[in-house]
Amino acid sequence: MLKPGYTNLDPDWLAPLRERIAAEVPEVTTWIYVDSVGHLVLSKIVVPRELRSQGIGTRVMELLITEADKQAVTMTLSPTREFGSGLRRLRAFYRRFGFSMNGGRIKDYTTAHDMIRRPVTTHPQP
């Protein structure tokens, strides 16, 4: 029996990532999934208003990008005002983690999301 929000299509590393986020940052609501082309999608992240500006969202993003880089997957997201923060502030927040706007000459047409982050790979020293 699968937990709610989990699918048979989820890669093996996704459930442990969800569980780690829930354990380390239980006050945050986070919805993540891997889409049909293999992008790790941050669909929702909600930090309660009274807990904002304390590094909690930053911790969630650190967990997400560390795993995305480890798995060599692209991350996508679309910031919205739905949960109480302004778009300018959200976009600036995500840019700190390497996200850029998905448009213009660099548009990735495999996703409809507004922002994208390619995995950062480190090459071992010879």
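The values are calculated or read from the model by the stated rules, or taken from the named source; none is laboratory data. Note that this is a predicted model, so its numbers are computed, not measured. Here Cβ is always computed from backbone atoms with ideal geometry, including for glycine, and neighbour counts include all displayed protein chains. We work out accessible area using only protein heavy atoms, side chains counted, and drop any ligands, DNA or RNA first. Shrake-Rupley method; radii C 1.70, N 1.55, O 1.52, S 1.80 Å.
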* Asked: Can you tell me which residue in the range 97-111 is most open to solvent (accessible area, probe 1.4 Å), limited to those that are among the charged types (D, E, K, R) and free of Cβ contacts under 8 Å to residues at least 24 places away in the same chain?
  -> ARG105
* Asked: So which residues in the range 11-33 are within 16 Å of GLY55 (Cα to Cα), open to solvent by less than 70 Å² (accessible area, probe 1.4 Å) and part of a helix (DSSP H, G or I), if there are any at all?
  -> ILE21, ALA22
* Residues of the range 90-117 satisfying the condition of being in a loop (DSSP other than H, G, I, E, B) and over 12 Å from the mean Cα position of the chain (by Cα) -> ARG96, ASN102, GLY103, LYS107, ASP108, TYR109, THR110, THR111, ALA112, ASP114
* To do: Report yes if some residue within the range 68-89 is under 18 Å from ASP114 (Cβ atoms), part of a helix (DSSP H, G or I) and open to solvent by 70 Å² or more (accessible area, probe 1.4 Å); otherwise report no.
  => yes
